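Novice: The structure under discussion is supplied below as structure tokens; questions concerning it will follow.
Bear in mind that the values in this text are calculations on the coordinates, not laboratory data. These figures come from a predicted structure and were not determined experimentally. Counting neighbours? That spans all protein chains shown, and the Cβs are built from the backbone with ideal geometry, glycine included.
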Amino acid sequence: MFTGIVEETGEIRSVEDTEEGRRLRIGTTFADLAAGQSVSVDGACLTVEASEAGEWFEVFLATETLDRTTLDSVAVGDRVNLERALAADGRFDGHVVQGHVDGTAEIRGIERESDAEEGGDWTFTFDLPEGLERYVVEKGSIALDGISLTVADLDASAGTFSVAIIPTTYRETTLSEKAVGDAVHVEVDVLAKYVERMLDADDEARPPVEGV
């Protein structure tokens, strides 16, 4: 499990494409990675295959992962958001993030509230992914490229939602490198999925009302 609090950005060092999928080597300062551990790479939970402490780690992306994410298009020199799995005794910030990408959303607009170098939030507006509309609510949680964010505005008629990005988040994640038209990974709040499932199960279990 992850929290959506990005620890650092890592640079893609090498890309190896095979018939089975794609292998990435990613630069990192993480010194405690070992084979079999999970790392969130732009919000996708991937398994470490090999690593050199404080230098790099390698992950393999199967065809299913490549089909569902934008990682099929990353190249050497690109940067990705990184977060290690939450330790059992770790501080829980952000929100519950599984690292299971539900879909992608295209950036519709980027605006800044202030021209001051360190002041003013950024507002990013995204397409509302088809099939995920019911899980996106104003002031609710959402993970974009592995970043835990709050939905600031939802425009169902336009099919868009917006998030406010503070300068620190903008500076310390890959959002500073994004442009209108770029796509990001979306993971909706898993708690909303559980609530929906329980309500559906309750409706299925409820006996029909006679005469209705």
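Novice: As a footprinting exposure proxy, order Met198, Met1 by other Cβ within 10 Å, with the fewest listed first.
Specialist: Placing the least packed residue first, the sequence is Met198, Met1.
Novice: Assuming R0 = 35 Å, can you tell me the calculated FRET efficiency for the pair Asp93 and Glu20, based on Cβ-Cβ distance, to the nearest 0.05?
Specialist: After rounding, the FRET efficiency stands at 0.45.
Novice: Could you work out the percent of alpha carbon pairs in the range 103-197 separated by over 19 Å, rounded to a whole number? All intermediate terms of the calculation are to be shown ahead of the outcome.
Specialist: Numbers: 1632 of 4465 pairs.
When every Cα pair of the range 103-197 is considered, 37 percent fall beyond 19 Å.
Novice: Report P(r) for the range 8-84: all Cα-Cα distances, bin width 5 Å, range 0 to the bin holding the largest distance, values in whole percent.
Specialist: The distribution over the range 8-84 is 3, 17, 31, 30, 14, 4, 0, given as percents.
Novice: Still on this structure, please answer the following. Once the other residues with Cβ under 13 Å from the Cβ of Ala164 are scored (Lys, Arg +1; Asp, Glu -1), what is the net sum?
Specialist: Here the charged neighbours net out to -3.
Novice: Further question: What does the charge add up to near Glu11, with Lys and Arg as +1, Asp and Glu as -1, over the other residues with Cβ less than 12 Å from its Cβ?
Specialist: The answer is -1.
Novice: If you rank Thr3, Thr28, Thr160 by fewest surrounding Cβ atoms within 10 Å, what's the result?
Specialist: Exposure proxy ranking, most exposed first: Thr160, Thr3, Thr28.
Novice: On to the next question. Relative contact order for the range 43-195: what is it in percent, counting Cα pairs under 8 Å that are at least 6 residues apart?
Specialist: Contact order relative to length: 28 percent.
Novice: Quick one: angle between helix 190-205 and the longest Cα principal axis of the chain, in degrees between 0 and 90, rounded to 10, please.
Specialist: With both axes taken from Cα atoms, the answer is about 30 degrees.
Novice: Please check: in the Gaussian network model of the chain (C-alpha springs, under 10 Å), which one of Val97, Val184, Val76 has the largest mean-square fluctuation.
Specialist: It is Val76.
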